Structure formats: C-alpha cells, structure tokens
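A.B. asks: Take this structure, written in structure tokens, and hold onto it; I'll ask about it next.
No lab work stands behind these numbers, since they all come straight from the coordinates. Given the structure is predicted, the values throughout are model-derived calculations rather than measurements. Cβ placement follows ideal geometry from the backbone for every residue including glycine, while neighbour counts extend to all protein chains displayed.
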Amino acid sequence: MSEGPYRVIDRSTWPRREQFEMFLQFGFPYFSITADVDITAYRERLPKGGRFTIGLVYAIAAAANAVPEFRQRIRNDEVVEFETVHPSIIVLNDDEAFRFVNFPFAPDFDTFAADAPQRIEDARTAPSMYSLDDQDDFLFLTGLPWINFSGVFHAAPTHAPDSVPRIAWGKYKTEGARILLPLNVQVHHALIDGVHVGRFYAEVQKIMDDAHQWLPPRDAMSRERT
C-alpha cells in the first residue's frame, strides 16, 4: 500500500486553530471513549462462523472515513486531511506474537473483503511485525474478543505528535434481544473533539443497522473463520 492523496489544511482560517494549538502542547493530548454498539442486525446477517472480523473492520473504517476529522493527521508543522484512510489491524500468530494487517479501504464491501483472508494469513506467517511499511493514513484497530471491557487506553508516543486514531472492540454480550459490542476510540484532542467521536459512533451504528444493504445474503457467504 502507498500513501493516498491528501490536502494541507490552511491553519490561518481553520476554525479549530486555537484548540489545535492548545492541545498540541499537552504531554498526553489523547482522550478515550468506550460505548456499546448494537450489532444485532449485523450479527444475524452473518452465518455461524462467518467473517465477523472482516465485516466489523469494514464498518469501522467506513464510519471513520465518513467523519473528516478522523482523516486528519498532524505531520510535522502541518495538518493534512487524507481523501481516504485505511484500517490496520492486529492478528496473533501461532506463538501469540502480534502482526499487523493493512487493508486498502474500499466503499464497496465485496471489493474490500476480496483479499482480506489472504492478507490475514500472510500477516500471521510473516517473520516480523515490521514486514509492512508504516503510514499515517491508517486507522489502528485491535480486537479483544476475550473481554467485555468498559474502557481502554492505548499505548501512544508522547515525544512526537501521533495523531492516528486507535480503535478497539471487545467481547460482545446479549441483553434481551440485542447483541452489544463494546467499542473504544482513542484520538488526539488537537484534531478531534467529543462531537466528532459522537458522529463516528452514529455512523458505525447506522452501518451495523444497514448490514442487509452491504453484506451478501447469508447463504452466499463463505464460512471461513477469521
């Protein structure tokens, strides 16, 4: 994957200039929010053992791309906004050491998912976690399917601006007829406020509710487990 197109934001006319300059001076400029997302419609659309992770990653990436602030990054003395950002997730190999998997985002789910299983398998067998180049037009995603958590803080460097959003999901639970998934978001406050995180969660929920519009019919989906 290569870095995609972006524009440089003119900070002299940027409405967030004051907030940006204030939070950029903080030693720890990140904030973290965790909330449940109702995945009932999405989970019921999948066959048992279906590609739960790939569809979830797609939904999260689609929601992030719908919110411009989630596509903005601090780069040296500039703020840039990418046309598209791409999910990069963590998978475990047989030794339980993690590896990174990068997915080129595509608005069409079939296109996005086409080579996802192979990318995951290639990552699991990679000799090093540094087999792929790093880019700042990523979204850093991780799953904790063993824990129904109520909060997460992610490791992030504080010696230099690191403005890539970090997103984690946990073990889902059933409440009555609803299936709820804990979803955590950690962002750089110089770029993103609570209102933008709220829009992101609303987008995720809408995409989950509309799973019938973008997922193939149940009997057409592969049962390959991810």
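A.B. asks: Can you compute the equivalent ellipsoid semi-axes for the chain, i.e. the square root of 5 times each eigenvalue of the Cα gyration tensor, sorted largest first and rounded to whole Å?
C.D. replies: Largest first, the chain gives 29, 20, 17 Å.
A.B. asks: Follow-up question, since we're still on this one. Rank these for me by crowding, His188, His212, going from fewest to most other beta carbons within 10 Å.
C.D. replies: Listed from fewest to most nearby Cβ atoms, that is His212, His188.
A.B. asks: Counting only C-alpha contacts under 8 Å and six or more residues apart, can you give the relative contact order of the chain as a whole percent?
C.D. replies: Once normalised by length, the contact order is 34 percent.
A.B. asks: Within the range 19-83, report the trypsin sites (Lys or Arg not before Pro) that DSSP leaves as loop and that have at most 10 other Cβ atoms within 10 Å. Mind dumping the intermediate values first?
C.D. replies: Values: sites: Arg43, Arg45, Lys48, Arg51, Arg71, Arg73, Arg75; in loops: Lys48, Arg51.
Passing both the DSSP loop test and the Cβ count: Lys48.
A.B. asks: Turning to a different aspect of this structure: Which residue, Ala211, Ala113, Ala177, tops the fluctuation ranking in a GNM of the chain built on C-alpha contacts under 10 Å?
C.D. replies: Maximum fluctuation in the GNM of the chain, among the listed residues, is at Ala177.
A.B. asks: Around Arg11, with a cut-off of 11 angstrom between Cβ atoms, what is the net charge of the other residues, counting Lys and Arg +1 and Asp and Glu -1?
C.D. replies: -3
A.B. asks: What size of dipole, in debye to the nearest 20, comes out for the chain about its Cα centre when the only charges are +1 on Lys and Arg C-beta atoms and -1 on Asp and Glu C-beta atoms?
C.D. replies: That gives a dipole near 660 debye.
A.B. asks: Would you mind ranking Trp169, Trp14, Trp146, Trp214 by Cβ crowding within 10 Å, fewest neighbours first?
C.D. replies: The order, fewest Cβ neighbours first, is Trp146, Trp14, Trp214, Trp169.
A.B. asks: Another question, then. Below 8 Å, C-alpha to C-alpha, sequence gap of six or more: please give me the relative contact order for the range 120-210 in percent.
C.D. replies: Over the range 120-210, the number comes to 23 percent.
A.B. asks: Can you give the longest run of the chain that contains no GluC sites (Glu not before Pro) sitting in a DSSP loop with at most 16 other Cβ atoms inside 10 Å?
C.D. replies: 97-223
A.B. asks: Per DSSP H run of n ≥ 4, the term is -39500 (n - 2.57); total these for the chain, divide by its residue number, and report the mean residue ellipticity at 222 nm rounded to 500 deg cm²/dmol.
C.D. replies: One gets -7500 deg cm²/dmol as the mean residue ellipticity at 222 nm.
A.B. asks: Asp38: net charge of surrounding residues, Cβ under 10 Å, Lys/Arg +1, Asp/Glu -1, itself excluded?
C.D. replies: -1
A.B. asks: Loop only per DSSP, at most 13 neighbouring Cβ atoms within 10 Å: give me the chymotrypsin sites (Phe, Trp or Tyr not before Pro) in the range 74-140, ordered by residue number. Can you show the working numbers first?
C.D. replies: Values: sites: Phe82, Phe98, Phe100, Phe105, Phe109, Phe112, Tyr130, Phe138, Phe140; in loops: Phe105, Tyr130.
Passing both the DSSP loop test and the Cβ count: Tyr130.
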